[in-house]
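So the structure is just underneath, and the comments pick up after that.
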Amino acid sequence: MKLENLEAMTDVEEKVFWRMFDVRIVRDDGAAARAHLQAGRPVYYREDSTPPGLIIKEFPDGRRQLVRFIDGVEQTVDDTAAR
């Protein structure tokens, strides 16, 4: 299930997606994220302290934002909290 398909998901499918997302993040060694950042693309991830329902969006320049997805649309929650 790809992130861009969130708007077509039911509530149950979206919950399953985020559970799978969290599991894959735990297993990740960071190589793919580093490659995306080096290519100039942002990456998304969670930390233990990330509030429920939110994820961190990190840009290649090191800026970080807390974001959420509502009906498949990314919304910035806080530009300063994810430091």
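The values are calculated or read from the model by the stated rules, or taken from the named source; none is laboratory data. In this text the structure is predicted, and so the values were computed from the model without any measurement. Note that each Cβ is placed from the backbone with ideal geometry, even for glycine, and that neighbours are counted across all protein chains shown.
Quick test of your reading of the structure: residue 60 fulfils all but one of (1) within 14 Å of the chain's Cα centre (by Cα); (2) modelled with pLDDT of 90 or more. Name the failing condition by number.
Just one mismatch for residue 60, condition (1).
Can you tell me which residue is farthest from the chain's Cα centre (by Cα) among those in the stretch 70-83 that are touching a residue at least 40 places away in the same chain (Cβ under 8 Å) and in a loop (DSSP other than H, G, I, E, B)?
Once the filter is applied, the top-ranked residue is 71.
Only one of 26, 67 is part of a helix (DSSP H, G or I), within 23 Å of residue 15 (Cβ to Cβ) and within 14 Å of the chain's Cα centre (by Cα); which?
The unique qualifying residue is 26.
How many residues, within the stretch 74-83, are modelled with pLDDT under 90 and either in contact with a helix residue (DSSP H, G or I) (Cβ under 6 Å, 6 or more places away or on another chain) or within 23 Å of residue 20 (Cβ to Cβ) (or both)? Even if it seems obvious, please write down each step before you answer.
Initially, the stretch 74-83 is screened for residues modelled with pLDDT under 90, giving 78-83.
Pick out the ones that are also either in contact with a helix residue (DSSP H, G or I) (Cβ under 6 Å, 6 or more places away or on another chain) or within 23 Å of residue 20 (Cβ to Cβ) (or both) and you get 82.
Adding up the residues that qualify gives 1.
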